[in-house]
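Peer 1: The structure follows.
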Ligand SMILES: [Zn+2]
């Protein structure tokens, strides 16, 4: 477990790698601004940092992270639509070519949705309504996978939740227009932590296929 001094030491290594050895990259990013081609919607979970998992450099990924990597449906009017604001900036201003919704195994948000984690002492005030975005996933999993063990149900739910988020992406008019014009592609991923596998959603089968097979265990 790292403490704050470790983080500052880590920053110094980053500084030496990018401001020393890769000065050109930093200068380009400063001079030209950012121009990422990919937006990732990922979970807050400390184990699933998209840039680490995909071995990316600064400037490669435009990332929004929230509990359980959810995309809310398009809504007008009040509210603080943080994820929608990030999506709007990525698609309408940065013109990203891909949006990846990156789900992951052992997600606490998904466990909470399924009732496998119970909140105590008033916690859950914000998480519970937030997770209701994918209530449809919970209902589908309870209906189809009720006989499965908790881990299998959670895997099924995290994947259906990715599918629901992909559907919600298409509820944003500017996403629909960009997809229809061929300027934007949507992807659903599921990162399996135990074996280090990556699965991708296939709209044709509505299932997940290997993008990278596991290496451990
Ligand atoms: Zn998570």
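The numbers here are math on the coordinates, done by the rules we state, and not lab data. The model shown is predicted, which means the values in this text are computed figures rather than measured ones. So basically every Cβ, Gly included, is an ideal-geometry build from the backbone, and we count neighbours across all protein chains shown.
Peer 1: Give the residue that is farthest from the chain's Cα centre (by Cα), with candidates limited to residues of region 87-116 that are part of a loop (DSSP other than H, G, I, E, B) and within 11 Å of the ligand (Cβ to nearest atom).
Peer 2: 106
Peer 1: Scan region 27-41 and give yes if some residue there is within 15 Å of the ligand (Cβ to nearest atom) and either within 23 Å of residue 95 (Cα to Cα) or within 16 Å of the chain's Cα centre (by Cα) (or both), otherwise no.
Peer 2: yes
Peer 1: If we keep just the residues of region 58-79 that are closer than 16 Å to residue 96 by Cα and more than 16 Å from the ligand (Cβ to nearest atom), which is surrounded by the most Cβ atoms within 10 Å (Cβ to Cβ)?
Peer 2: 62
Peer 1: Could you tell me whether region 90-101 includes any residue that is free of Cβ contacts under 8 Å to residues at least 60 places away in the same chain and surrounded by 15 or more Cβ atoms within 10 Å (Cβ to Cβ)?
Peer 2: Checking region 90-101: at least one residue is free of Cβ contacts under 8 Å to residues at least 60 places away in the same chain and surrounded by 15 or more Cβ atoms within 10 Å (Cβ to Cβ).
Peer 1: To continue, here is another question. Consider region 117-140. How many of its residues are within 16 Å of the ligand (Cβ to nearest atom), free of Cβ contacts under 8 Å to residues at least 24 places away in the same chain and touching a helix residue (DSSP H, G or I) at 6+ places or on another chain (Cβ under 6 Å)?
Peer 2: Of the residues in region 117-140, 1 are within 16 Å of the ligand (Cβ to nearest atom), free of Cβ contacts under 8 Å to residues at least 24 places away in the same chain and touching a helix residue (DSSP H, G or I) at 6+ places or on another chain (Cβ under 6 Å).
Peer 1: For region 128-144, give me the residue count where each residue is buried (at least 17 other Cβ atoms within 10 Å of the Cβ) and closer than 11 Å to residue 114 by Cβ.
Peer 2: 5
Peer 1: Taking only pairs six or more apart or across chains, which ones have beta-carbon atoms under 7 Å, a first residue in region 1-24 that is in contact (Cβ under 8 Å) with a residue 24 or more places away in the chain, and a second residue that is surrounded by 11 or more Cβ atoms within 10 Å (Cβ to Cβ)?
Peer 2: Correct list of pairs: 18/25; 18/26; 18/58.
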